[in-house]
Amino acid sequence: MALLLSVFLSGSFSGCVYLAVGAIGVVGGYVVSPDTVEGTTTHSTEECWDAAKQIATIMGQVIQESPNGSQLEATINGAKVTVTLSAVNVSTTKLSVKARKVFMPKIDVAQDVYAKIINSMEK
């Protein structure tokens, strides 16, 4: 219990918290700001783009897509969600999900969208 508490407190003081999301496997993601979750995945940018677009369409409404397939904006649960993809190499992609409602961060929405994108690619 003391170890768990110390890990939680050290994460809260550093500004980043490690998230374990998923039922079977662990999907890693870091909260990098009050409204953004990001992490890397071992899938190509194209696979991530397809998954992000599918999840955004299922969960809400896609508002705008970048022509190069690196960013999309959607409205999900009343929040403006921005999904950004960056290729690290051919088979690794950095995925960032930002969610805000009016001017308030909605980290729960960002976490949910991030987890669903990652989990959809694992199937």
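The values are calculated or read from the model by the stated rules, or taken from the named source; none is laboratory data. Note that the structure is predicted; figures quoted are calculated from it, not measured. Don't worry about glycine lacking a Cβ; one is built from the backbone with ideal geometry, like all the others, and counts go over all protein chains shown. Remember, those area values only see protein heavy atoms, side chains included, never the ligands or the DNA or RNA. Shrake-Rupley method; radii C 1.70, N 1.55, O 1.52, S 1.80 Å.
Of the residues making up region 87-117, just one is of a type outside the set (Lys, Arg), touching a helix residue (DSSP H, G or I) at 6+ places or on another chain (Cβ under 7 Å) and open to solvent by 60 Å² or more (accessible area, probe 1.4 Å), namely ALA87.
If you filter region 30-60 down to residues that are under 15 Å from SER86 (Cβ atoms) and in a strand (DSSP E or B), you find that the one that is most open to solvent (accessible area, probe 1.4 Å) is TYR30.
Of all the criteria given as (1) at pLDDT 80 or above; (2) open to solvent by 30 Å² or more (accessible area, probe 1.4 Å), the one not satisfied by SER10 is (1).
Pairing each residue of region 93-105 that is farther than 13 Å from GLY78 by Cα with any residue that is of a type in the set (Phe, Trp, Tyr), provided the two are 6+ apart or on different chains, yields C-beta distances under 8 Å for LEU95/TYR114; VAL97/TYR114. Return the residue satisfying two criteria in turn: it lies in region 33-81 and is touching a residue at least 60 places away in the same chain (Cβ under 8 Å) and polar (S, T, N, Q), and of such residues it is farthest from ILE118 (Cα to Cα). Per the stated criteria, the residue is SER33.
Got at least one residue in region 71-86 being open to solvent by 80 Å² or more (accessible area, probe 1.4 Å) and at pLDDT 95 or above? Checked region 71-86: at least one residue is open to solvent by 80 Å² or more (accessible area, probe 1.4 Å) and at pLDDT 95 or above.
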